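Just so it is clear, none of the values below were taken in a lab; they were calculated from the coordinates. Just so we're clear, the structure is a prediction, and the values are computed from it rather than from any experiment. Reconstructed Cβ throughout: ideal geometry from the backbone, glycine too, with neighbour counts over all protein chains shown.
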Amino acid sequence: MPDKERRLGVSEVNLVTRKLKLKPCSEEALQAAIGEIDGLFGLERVTFEPDKRRLDLAYDASRLCIEHVEAILTRYAIAISNGWWTRVKESHYRFVDQNIKDNASKEPWSCH
């Protein structure tokens, strides 16, 4: 059975979802940042929920990482919430993204 149609550069195996709570910011800056994030190679989707002030992302972690998204948000002066739960999730996201990227570049092996 073929995989669901994905955007260019996105593999089902390495697809991850991320949720980042943002601090209040200007609507123009937010839309510009979302537009730039949406153009990243390896991104499946990006949406923003205004009621929760939450940015939802899905991307291929072997090609993209949370730090790429954070760099774009910083460029547009958009800050991520500094609550303890957001900080815990961010550090977990970084760890998992790096692990996926490291594992994707290694040759699988077996002793059998």
Q) Based on Cβ point charges of +1 for Lys and Arg and -1 for Asp and Glu, what charge dipole magnitude is obtained for the chain about its Cα centre, in debye rounded to the nearest 20? A) 360
Q | Spatially proximal aspartates and glutamates relative to Lys19 (Cα-Cα < 18 Å; intrachain offsets below 8 disregarded) | A | Glu36, Asp38, Glu44, Glu49, Asp51, Asp56, Asp60, Glu67, Glu70, Glu90, Asp97
Q) Looking only at Cα atoms, what is the convex hull volume of the range 12-104 per residue, in Å³? A) 84
**Q.** Neighbour-limited loop hits for trypsin sites (Lys or Arg not before Pro), the range 1-81 (at most 12 other Cβ within 10 Å; DSSP other than H, G, I, E, B)
**A.** Lys4, Lys52
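For the chain, what's the relative contact order in percent, using C-alpha pairs closer than 8 Å and at least 6 residues apart?
On the way: 142 pairs, mean separation 34.4, N = 112.
The value is 31 percent.
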Q: Could you check the simple spin-label distance between Glu12 and Trp109, using points 7 Å along Cα→Cβ, in nm with one decimal?
A: 2.9
Q: Round to a whole angstrom and tell me the spacing of the C-alpha centers of the range 52-97 and the range 6-47.
A: 10
Q. Among Glu67, Glu27, Glu44, which one shows the biggest mean-square fluctuation in a GNM of the chain, springs joining Cα atoms closer than 10 Å?
A. Glu27
Q: Please determine, in degrees from 0 to 90 and to the nearest 10, the orientation of helix 27-38 with respect to the longest principal axis defined by the Cα atoms of the chain, where the helix direction is its Cα long axis.
A: 10
Q | Degrees between helix 84-104 axis and first principal axis of the chain (Cα, 0 to 90, nearest 10) | A | 30
